[in-house]
Amino acid sequence: MGSSAKKLQSAFSGFKHRFTTGVEIAAMLFKTGELIEQYGSLNKCFIEGFNGDDETIIPGLSVFAKRFNSGNNDSKNSLMPDPDRGSACKRLNLFLRWMVREDDVDPGGWNGIPASKLVIPVDTHMYRICSSLDMTCRRQADMQTAIEITDYFREISPDDPVRYDFAITRLGIRKDAETELFLYDCLGKSTTAQINPD
């Protein structure tokens, strides 16, 4: 909270992990401090832009991302993508899942956002499995795909459509999981061509 933008930039100079740079981390941390000072917490900042009448948290997430990116000369930050630009916002949807839901997997802590409004965090694992199970026929893992998969799960669990995220994603990540066998049991047919297109 007490660090200047310059001090944060110096602390993270030279840092790079995949697409994320030290400049982006410093900018996000500095803006986090500003927003906490302005709203009292990030939860309150999000709630200010959230409308409970919206079908999902996406409009509120867009306001949240814009607040984080304001004063940044409209430069993109890989840590805080804007859903209005089409990104699936996997990290942000995962963060919201952690903060809104409260169970043995998700710690909770944020108030004022119902789990029914959350959107599935779509990564390559979730996309691959959901595509194989015909939950989406879209060709890319973008925001529209995330909403389509969430709508599918909402038919099963209207109050908590992201409750299956952890189990399905882990199935795709774990090297010892028999994903092909699971999908065979679900569909009654081999899906190797869909899962491993190469």
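Quick notes
- Qualifying residue in segment 125-145 (condition: small (Gly, Ala, Ser), under 26 Å from ASP82 (Cβ atoms) and not in a helix (DSSP H, G or I)): yes
- Checking ARG170 against (1) crowded, with 18+ Cβ neighbours inside 10 Å; (2) not in a loop (DSSP other than H, G, I, E, B), the condition it does not meet: (1)
- Those residues of segment 34-93 which are part of a loop (DSSP other than H, G, I, E, B) and within 16 Å of VAL122 (Cα to Cα), in sequence order: THR56, ILE57, SER78, LEU79, MET80, PRO81, ASP82, GLY86, SER87, ALA88, CYS89
- Test: residue in segment 8-22 that is within 25 Å of ILE149 (Cα to Cα) and out of contact with any Phe, Trp or Tyr (no Cβ under 6 Å at 6 or more places or on another chain): no
- The one condition in (1) on the phi < 0 side of the Ramachandran plot; (2) buried (at least 16 other Cβ atoms within 10 Å of the Cβ); (3) not hydroxyl-bearing (Ser, Thr, Tyr) that CYS89 fails to fulfil: (1)
- Residue satisfying all of: in segment 142-161; more than 18 Å from SER132 (Cα to Cα) and surrounded by 16 or more Cβ atoms within 10 Å (Cβ to Cβ); nearest to the chain's Cα centre (by Cα) among these: MET143
- First in segment 1-14 and farther than 13 Å from ALA27 by Cβ and touching a residue at least 12 places away in the same chain (Cβ under 8 Å), second anywhere and in a helix (DSSP H, G or I) and of a type in the set (A, V, I, L, M), Cβ under 7 Å, 6 or more apart: MET1/ILE36
Residue by residue, here is whether (1) touching a residue at least 60 places away in the same chain (Cβ under 8 Å); (2) out of contact with any Cys (no Cβ under 7 Å at 6 or more places or on another chain) holds:
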| position | (1), (2) |
| --- | --- |
| ILE113 | yes, yes |
| VAL119 | yes, yes |
| VAL122 | no, yes |
| ARG128 | yes, yes |
| LEU133 | no, no |
| THR136 | no, no |
| ARG139 | no, yes |
| ASP142 | no, yes |
| ILE149 | no, no |
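- Within segment 114-124, if we keep just the residues that are in a helix (DSSP H, G or I) and out of contact with any helix residue (DSSP H, G or I) (no Cβ under 7 Å at 6 or more places or on another chain), the residue that is modelled with the lowest pLDDT turns out to be THR124.
- Annotation note: Cβ proximity below 9 Å between a residue of segment 56-69 that is touching a residue at least 60 places away in the same chain (Cβ under 8 Å) and a residue that is surrounded by 19 or more Cβ atoms within 10 Å (Cβ to Cβ) and of a type in the set (Ser, Thr, Tyr) (sequence gap 6+ or interchain) occurs for THR56/THR150.
The values are calculated or read from the model by the stated rules, or taken from the named source; none is laboratory data. Small disclaimer: the values here were computed from a predicted structure and weren't measured. Cβ: placed from backbone, ideal geometry, glycine included. Neighbour counts: every protein chain shown.
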